[in-house]
Amino acid sequence: IQFSLQRRVDSLLKDYSVGKPLINERYSCNSFSRSTSSSSIATEEGLFVVHEPQTSAVMDKFLRRKSLQMRDQQQAWQSSLQGRRLQEFRKSLPSYNEKDIILSAVSQNQVGHETAGDDVVVISGETGCGKTTQIPQYILESEIDAGCGALCNIVCTQPRRISAMAVSERVSVERGENLGESVGYKVRLEGEKGRNTRLLFCTTGILLRRLLVDRNLKGVTHVIVDEIHERGMNEDFLFIVLNDLLPHQPELRLVLMSATLNAELFSSYFGGAPIIHIPGFTYPVCTHFLEDILDTTGYRLTPYNQLDDYGQDKMWKMQKQVLRKRKSQIAFVVEDALEAASFKEYSQQTQDSLACWNPDSIGFNLIENVLCYICNNKKPGAILVFMTGWDDINALKDQLQTHPLLGDPSRVLLLPCHGSMASSEQRLIFNKPEVGVRKIVLATNMAETSITIDDVVYVVDCGKAKETSYDALNNTPCLLPSWISKASATQRRGRAGRVQPGECFRLYPKCVYDAFADYQLPELLRTPLQSLCLQIKSLKFGSISDFLSRALQSPEPLSLAGRHLSVLPVEPKLGKMLIYGAIFNCLDPILTVVAGLSVRDPFLMPYDKKDLAESAKSQFAAKDYSDHLALVRAFEGWKEAELEQYGYEYCWKNFLSAQTLKAIDSLKTQYLSLLEDTGVVDRATCNAWRHNEYLIRAVICAGLYPGVCSVLNKEKSVSLKTMEDGNVLLYSSSVNGRETNIPYPWLVFNDKVKVNSVFLRDSTAISDSVLLLFGGELSRGPLLNSKRIDIKAHQELLSAVQLLVTEDQCDGRFFFGRTV
Ligand code: CDP
Ligand code: MG
């Protein structure tokens with residue numbers, strides 16, 4: 001790339017000097033900056049430095065001309081009829097009144113740079129006041145007006161791809177342009193961005209990825225981080241990077257925008273950055289809690305203070321339950337609430353819905369009833385329903401489409417609204433329906449702050465949102481509905497008062513609301529940090545604990561460092577293998593094994609050449625009876641071949657995937673760096689025994705135990721048994737798969753698959769003594785009874801090792817590995 005770009009730039013410069021357009025085709029120039037002796041051009045692909053003072057002058061002239069063009073174009077649009085009409089609308093937004101203050105705060109920071117706070121402005125204002133669509137636009141317009149249009153480069157991040165796309169489209173319309181001219185967007189796998197794009201809306205992830213290639217964001221003049229109150233992991237991560245970057249990058253201005261009033265937190269984090277609040281006007285919204293709703297919609301519920309002791313006790317318990325376990329389903333609460341009032345007076349309808357109660361549909365029943373109630377009893381106005389996710393939204397939409405109580409289906413316009421929707425679908429949400437048609441938008445919490453639907457008069461709030469959390473059992477992050485915060489509930493309610501006084505129906509009792517947290521816990525504090533740790537390492541940000549200690553709200557050191565295993569982004573057993581590999585000074589081959597188990601199998605098994613491929617693989621095993629050692633050998637052979645420039649032939653000959661080997665290689669580097677942070681690695685000695693196969697086998701056993709099966713050699717076959725499954729089989733792709741005699745009593749394996757029989761994947765053969773010393777407690781009884789081993793000799797060794805390998809000693813710096 002460097003070579004081709006260098007050529008490209010050369011030819012661009014040549015083109016320019018004969019008067020052709022300077023920049024065209026793919027390599028758009030994102031920015032341009034000068035110093036006395038050189039000019040630099042930042043492109044998507046990297047940064048160029050052109051060491052020629054004359055070139056600098058040429059570039060200057062070009063950019064100046066370009067800027068003037070942009071100014072002429074902007075002025076022409078602003079004086080056109082359509083342009084004036086849109087200007088009128090823009091002036092009606094509350095943010096317009098603060099335009100000058102905002103612009104001067106942003107530009108004033110261009111002077112002194114004593115503290116980071118000088119480069120930062122925090123802006124807060126109600127949803128819909130014009131932060132996202134207007135503020136980046138004000139900055140762009142003022143740069144263009146000042147004749148510096150071609151020099152500015154504004155990046156505005158959005159937490160969701162759908163908002164990046166929608167907003168860029170809207171801003172293009174307001175500027176009378178097509179998307180991809182001065183305004184563009186970029187989200188993962190998609191984007192609309194041209195050579196003249198000066199304002200780019202992107203997801204936070206895209207900006208983080210850009211930091212990979214361009215650590216200093218060279219050439220970016222303004223970074224605007226929107227929706228900062230959401231406190232996603234990426235945003236908190238970005239703040240740390242930007243806070244570090246600002247003092248070194250005086251040309252960079254940072255604007256933070258937020259819908260709720262927690263601006264002080266951000267301001268003080270960025271060294272006392274000024275806060276500008278955009279006062280907004282919203283109409284009053286009348287709030288109903290579940291108890292009122294049940295009353296008005298046909299369900300009947302006794303108000304709390306009229307409940308008898310039993311009922312009060314029940315309500316109180318429910319509140320406690322919510323406090324304890326904020327993640328229980330709304331359905332349960334509804335059921336409880338109904339039960340709480342279930343003494344005397346249920347209408348028939350309530351009885352029915354309880355009779356057919358099921359956890360998924362009772363929430364729907366309630367929502368349906370509330371919607372019918374609004375449609376049949378309330379004045380015209382759109383309804384916005386907050387639900388948890390795309391499944392629920394679709395299911396409810398189907399159910400509502402044929403709902404008898406909603407009446408004539410053509411009188412109701414049902415619209416889903418969620419993050420994975422196509423943009424054409426999404427545009428429908430903003431359209432005003434015909435007179436007499438009730439618009440009902442079923443939305444996820446993205447309608448809370450990211451998008452504004454102007455004609456909403458009624459909000460129905462289920463009180464939940466999907467939030468990433470952690471399934472400790474399966475070691476996987478997951479998305480589960482959990483209770484929202486008070487701040488979110490207030491936001492949701494506010495959506496009803498945009499055009500006239502509105503009403504908000506909360507499908508949870510007041511006591512549940514009282515138990516909500518004030519703000520949602522930032523993602524950084526509630527999800528596992530493995531992937532973040534990897535990201536910090538892959539971006540080369542140094543020590544994880546140092547880096548995270550600079551976060552807006554840092555995770556507790558305990559969740560970070562207390563256990564070495566917890567910072568290793570692998571299954572605990574593989575983490576254990578890594579730590580043992582470090583202790584026993586055979587780290588490199590163990591890194592290969594673990595990286596191999598975490599990626600894919602690099603051994604290719606093409607269907608039509610299976611035999612050839614299998615025999616190629618078995619050559620790496622050289623009677624070791626180990627797939628893991630075969631992998632280590634194949635990998636090491638490839639590394640050598642790479643050095644000698646025949647890596648490709650090597651892979652081709654041995655049926656190996658070069659891509660997978662490369663992935664393993666880079667993962668090894670990351671794991672090594674994470675391990676070094678834990679303090680268990682001594683660089684000088686950690687590979688002293690890397691060629692000791694006995695030791696490698698032992699460490700593999702330590703990691704894979706209790707994945708172990710016994711080997712019994714029969715006449716012409718091998719019979720394998722595990723404790724839980726009885727007889728098991730090996731895949732023929734395993735180097736042990738075709739053996740008729742395995743001269744070891746045990747095989748350890750990483751995982752098994754149940755098809756008709758139970759199959760083991762990769763395995764490594766081990767001896768009795770290895771299992772005794774490195775396997776767990778369970779293996780010892782049968783082993784010691786088997787009389788195959790010299791009990792006395794082994795027991796001495798065993799107690800020596802047990803003394804050393806205790807859990808406590810796995811903390812801190814090490815100890816015995818080098819002397820055992
Ligand atoms: O970011 P914030 O919530 O402060 O507001 P915004 O997204 O900039 O939207 C400001 C106004 O622009 C909204 O109140 C809508 O009336 C209007 N808008 C629109 O008509 N169409 C869009 N796609 C986006 C916004
Ligand atoms: Mg916004």
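Read the figures in this text as sums done on the coordinates, not as results from a lab. For clarity, every value in this text was computed on a predicted model and none was experimentally measured. Note that we place each Cβ from the backbone using ideal geometry, even for glycine, and neighbour counts take in every protein chain shown.
Quick look at the values:
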read-out: Residue-span extension gain [Ser719 to Ser666] - 0.36 nm each, minus C-alpha spacing; value: 15.3 nm
read-out: Ascending count of other beta-carbon atoms within 10 Å, so fewest first, for His248, His277; value: His248, His277
read-out: Footprinting exposure proxy for Asp677, Asp751 (fewest neighbouring C-beta atoms within 10 Å first); value: Asp751, Asp677
read-out: Filtered GluC sites (Glu not before Pro), the range 582-681: DSSP coil and at most 11 other beta carbons within 10 Å; value: Glu644
read-out: Spin-label pair Lys378/Lys653, simplified geometry with 7 Å Cα→Cβ offset, distance in nm; value: 7.5
read-out: Three-way shape label, the range 696-772, alpha-carbon gyration tensor, a/c 1.5; value: oblate
read-out: Dipole magnitude (debye, nearest 20) for the range 598-648, charges at Cβ of Lys, Arg, Asp, Glu; value: 100
read-out: Length added when fully stretched, Asn431-Asn741, from 0.36 nm per residue minus Cα-Cα; value: 104.2 nm
read-out: Extension reserve of the Val753-Asp546 stretch, reckoned as 0.36 nm per residue once the Cα distance is removed; value: 70.4 nm
read-out: Most to least packed among 88-96, 504-512 [average Cβ atoms within 10 Å]; value: 504-512, 88-96
read-out: FRET E, pair Arg411, Lys609, Förster distance 51 Å, beta-carbon r, rounded to 0.05; value: 0.20
